[in-house]
Amino acid sequence: MAPAIAVVGRPMVIWDFDRTIMEDDSDRWVVTEMDLTHLFNQLRQTLPWNTLMDRMMEELHSQGTTIEDITNCLNRVELDPQIISAVRSAHTHGCDLKVLSDANHFFIETILKNHGIYDCFSDIITNPSFVDEQGRLRISPYHGSAHGCDLCPPNLCKGFVLNRIQDLTCEDIKKRVMIYIGDGGGDFCPTLKLSEEDHVMPRKDFPLHRLISKSSTPIKPKVHEWTNGKELNKILIPLIDLVSPTDG
Ligand SMILES: [Mg+2]
Ligand SMILES: [Zn+2]
């Protein structure tokens, strides 16, 4: 018989970003606000999403749009106060919070900093970005080479990242409970990597929720649906208390 798993420490909470922390999609927000919808739709069929966003940033740069303009655009994104409260509470409860997102580092960092919750997260795992010497924002894929997972887009397999986090945080029969919060199809692969002690919080009636509902592969973590920030907050904080060992 396999030895019982000992749960140690406060849970780790892994957050998707678009349509989870942010109500909208950050890429779409910038494309719409910067009037790039036409070009975006024109190129959508020919370029992978990640490359397309890098191309959009090239377009902005060629039009004379500066990094400050992009920052100002991102600073107009509003976050649900209930989501902000949930992030702060989870952090105060001693949880390790990470963002795992298929957006990009610049957008996420800017938005989280603007709302004063950037420091609540120990890590932002996403497609890297940097400002080149011409002052153009560059967005690259997370994976430099093929990851071999057919559930995920070529630039990022969130399940691969989740496995890596598990390797770093779990030793032998001791493990830290994971709570995974997300909405999208890209959140299904990491959901399949979670174990019986873990929890997944899919946004109700969004792709992840539908994939979990009709999955032929058994879903091991406990499933808690939410529809909005208020519900997310109401579920997450008691759940953290419930799964935290009393000694630590
Ligand atoms: Mg999402
Ligand atoms: Zn994958």
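What follows draws every value from the coordinates through simple rules; no lab data is involved. Quick caveat, the model's predicted, so the values are computed rather than measured. Quick reminder, even Gly has a Cβ in these numbers, built from the backbone with ideal geometry, and neighbours come from all protein chains shown.
What the table below lists for this structure:
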item	result
Relative contact order, percent, region 37-179 [alpha-carbon distance under 8 Å, six or more residues apart]	22 percent
For Asp198, net neighbour charge (Lys/Arg +1, Asp/Glu -1) across residues whose Cβ lies under 12 Å away	+3
Mean shadow area of region 99-232 over all directions, Cα convex hull, nm²	9.9 nm²
Sorted peptide list for 71-81, 192-202, criterion being average Cβ within 10 angstrom, highest first	192-202, 71-81
Mean Cβ neighbour count within 10 Å, used as a protection proxy, ranking 55-61, 238-244 highest first	55-61, 238-244
Burial ranking of peptide ranges 62-70, 83-91 (average Cβ count within 10 Å, highest at the top)	83-91, 62-70
Three-way shape call for region 169-248 based on the alpha-carbon gyration tensor, with the a/c threshold at 1.5	oblate
Dipole axis of the chain (+1 Lys, Arg; -1 Asp, Glu on Cβ), positive-most option in His61, Thr32, Tyr180	Tyr180
For the chain: span of alpha carbons on each principal axis (Å, largest first)	63, 37, 34
GNM flexibility winner over the chain from Lys175, Lys113, Lys204 (Cα, springs under 10 Å)	Lys113
Kirkwood hydrodynamic radius of region 1-129, Cα pairs, Å	16.2 Å
The chain: angle of helix 229-243 to the longest principal axis, Cα-based, in degrees nearest 10	40 degrees
Scattering curve values for region 62-135, log₁₀ I(q)/I(0), Debye with Cα scatterers, q = 0.16, 0.25 Å⁻¹	-0.64, -1.24
Global geometry of region 100-150, whether rounded, prolate or oblate, following the gyration tensor of its Cα atoms and the 1.5 cut on a/c	oblate
Relative contact order for region 139-189, counting Cα pairs under 8 Å that sit 6 or more residues apart, in percent	36 percent
Cα centroid separation, region 185-248 to region 78-125 (Å)	18 Å
Beta bridge orientation in the chain: antiparallel %, DSSP, nearest 5	15 percent
